[in-house]
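**Q** To start, I am sharing the structure in question, which I have written as structure tokens.
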Amino acid sequence: MTLRIPPPRPIIPPRIPLPTLDPVQLDDMQMEEAIEMASILGDRPGDAEGPGFLNGDGLGDGGTAADGLFRLVPPSPRGMIIPRANRSLRGQEVEVWVFVNEAGRVVADSTHLRPPTTDGDFNDRLLRDAAQWTFAPARQGGEAVGSWFPYTITM
């Protein structure tokens, strides 16, 4: 068996450009036009005009209309227990955020309050109880998916 290896090719380095001290006139340069990023992305889904877009009669065209096929349908509560608040919390509002997994269960570590109330014991009870809430899971494209669920409590 004869094996022929071609001779090595010499490596020729590219030319290094030499800097020049010639001044450049701004009129000679073409200024790059600033592009607004929102114009590249287009309109928000559901913002289009015409029948069926803003009134909830969407065409189900992959999520661009109000009732699109692949839009996220949020989880719906099945069992929620909210502890009683004391009178000192009257007039306060707290938003409870929970992450609901594909099985409709709350991921306990995800539960948090925005903003927490002034009663630390109530906050702890609310977090413990919210971790036990049950839901029908969120759906997207007919499949159960995990999703955040916010719930606002006004005392």
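**Q** Filter the stretch 85-100 down to the residues that are over 15 Å from PRO137 (Cβ atoms) and surrounded by 15 or more Cβ atoms within 10 Å (Cβ to Cβ), then identify the one that is modelled with the lowest pLDDT.
**A** To start, the set of residues in the stretch 85-100 that are over 15 Å from PRO137 (Cβ atoms) comprises 85-97.
Keeping just the survivors that are surrounded by 15 or more Cβ atoms within 10 Å (Cβ to Cβ) gives 85, 89, 92, 94, 96.
Values: ALA85: 76, LEU89: 82, GLN92: 85, VAL94: 88, VAL96: 89.
Among them, the one singled out is ALA85.
To keep it simple, each residue is scored yes or no on (1) more than 28 Å from LEU72 (Cβ to Cβ); (2) free of Cβ contacts under 8 Å to residues at least 60 places away in the same chain; (3) buried (at least 17 other Cβ atoms within 10 Å of the Cβ); (4) charged (D, E, K, R).
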| site | (1), (2), (3), (4) |
| --- | --- |
| PRO83 | yes, yes, no, no |
| GLU102 | no, yes, no, yes |
| ALA108 | no, yes, no, no |
| LEU113 | no, yes, no, no |
| ALA130 | no, yes, yes, no |
| ALA138 | no, no, yes, no |
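**Q** Right, next: Could you tell me how many of the residues in the stretch 115-128 are acidic (Asp, Glu) and either crowded, with 16+ Cβ neighbours inside 10 Å or in contact with a strand residue (DSSP E or B) (Cβ under 6 Å, 6 or more places away or on another chain) (or both)? Please lay out each step first, then the result.
**A** Step one: of the stretch 115-128, the residues acidic (Asp, Glu) are 119, 121, 124.
Narrowing further to those that are either crowded, with 16+ Cβ neighbours inside 10 Å or in contact with a strand residue (DSSP E or B) (Cβ under 6 Å, 6 or more places away or on another chain) (or both): 119.
Total satisfying the criteria: 1.
**Q** (1) of a type outside the set (Phe, Trp, Tyr); (2) modelled with pLDDT of 75 or more; (3) within 22 Å of the chain's Cα centre (by Cα): which one isn't true of GLU36, the others all being true?
**A** Answer for GLU36: the failing condition is (2).
**Q** Additional query: Among the residues of the stretch 108-155, write down those that are assigned to a loop (DSSP other than H, G, I, E, B), of a type outside the set (Ser, Thr, Tyr) and closer than 24 Å to ALA85 by Cα.
**A** In the first step, residues of the stretch 108-155 are kept if they are assigned to a loop (DSSP other than H, G, I, E, B); the result is 111, 115-119, 131-133, 137, 141-142, 146, 155.
Keeping just the survivors that are of a type outside the set (Ser, Thr, Tyr) gives 115-116, 119, 131-133, 137, 141-142, 146, 155.
PRO115, PRO116, ASP119, ALA131, GLN132, TRP133, MET155 - these are the residues of the stretch 108-155 that are assigned to a loop (DSSP other than H, G, I, E, B), of a type outside the set (Ser, Thr, Tyr) and closer than 24 Å to ALA85 by Cα.
**Q** Which residues, taken from the stretch 140-153, are farther than 17 Å from GLU95 by Cβ and surrounded by 14 or more Cβ atoms within 10 Å (Cβ to Cβ)?
**A** Step one: list which residues in the stretch 140-153 are farther than 17 Å from GLU95 by Cβ, which gives 140-146.
Hits for the stretch 140-153 are GLN140, ALA144, VAL145, GLY146.
The values are calculated or read from the model by the stated rules, or taken from the named source; none is laboratory data. Because the structure is predicted, anything quoted here is derived from the model rather than measured. Heads up, the Cβs are rebuilt from the backbone with ideal geometry, glycines too, and the neighbour counts pull from every protein chain shown.
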